[in-house]
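A.B. asks: Just passing along the structure, written as structure tokens.
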């Protein structure tokens with residue numbers, strides 16, 4: 001299996017585990033909150049308004065596994081359980097993006113990622 005496929009499989013597994021953890025610890029969120037929360041990290045695409053270099057940097061910050069995990073851990077440590085599902089949903093978003101082939105962006109353009117070029121040429 002190629003490195004790209006391993007990373008995509010890893011992303012899928014992280015998505016599944018993160019969503020399961022989020023579902024276990026969230027306390028009664030309405031169903032409409034879930035898709036909004038899952039898509040929220042894509043707001044980082046707005047960085048592309050400032051150009052591809054800044055856009056890639058901001059997008060990549062919003063699409064690192066570490067920030068969702070840190071947010072969930074902070075929720076555990078400070079005893080604020082609402083941070084846990086938010087962090088896990090953020091991590092799930094990054095995982096499903098990786099599984100679908102949307103990787104971290106290169107400063108050359110939105111379609112250039114660490115998992116290869118996305119979209120049609």
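The values are calculated or read from the model by the stated rules, or taken from the named source; none is laboratory data. Since the structure is predicted, the reported quantities are computational estimates derived from the model, not experimental observations. Glycine gets a Cβ as well: all are built from the backbone with ideal geometry, and neighbour counts include every protein chain shown.
A.B. asks: Considering only the stretch 77-116, state which residues are within 14 Å of residue 25 (Cα to Cα), in contact (Cβ under 8 Å) with a residue 12 or more places away in the chain and part of a loop (DSSP other than H, G, I, E, B).
C.D. replies: Within the stretch 77-116, 81, 82 qualify.
A.B. asks: Could you say which residue among 65, 59 is surrounded by 14 or more Cβ atoms within 10 Å (Cβ to Cβ), in contact with a helix residue (DSSP H, G or I) (Cβ under 7 Å, 6 or more places away or on another chain) and closer than 16 Å to residue 18 by Cβ? First the steps, then the outcome.
C.D. replies: Working: 59 fails: closer than 16 Å to residue 18 by Cβ.
It is 65.
A.B. asks: Please indicate, with yes or no, whether at least one residue in the stretch 42-51 is touching a strand residue (DSSP E or B) at 6+ places or on another chain (Cβ under 9 Å) and either surrounded by 13 or more Cβ atoms within 10 Å (Cβ to Cβ) or modelled with pLDDT of 95 or more (or both).
C.D. replies: Kept after step one, since they are touching a strand residue (DSSP E or B) at 6+ places or on another chain (Cβ under 9 Å), are these residues of the stretch 42-51: 45, 48.
Going one step further and asking which of them are either surrounded by 13 or more Cβ atoms within 10 Å (Cβ to Cβ) or modelled with pLDDT of 95 or more (or both), we end up with 45, 48.
Yes, the stretch 42-51 contains at least one residue that is touching a strand residue (DSSP E or B) at 6+ places or on another chain (Cβ under 9 Å) and either surrounded by 13 or more Cβ atoms within 10 Å (Cβ to Cβ) or modelled with pLDDT of 95 or more (or both).
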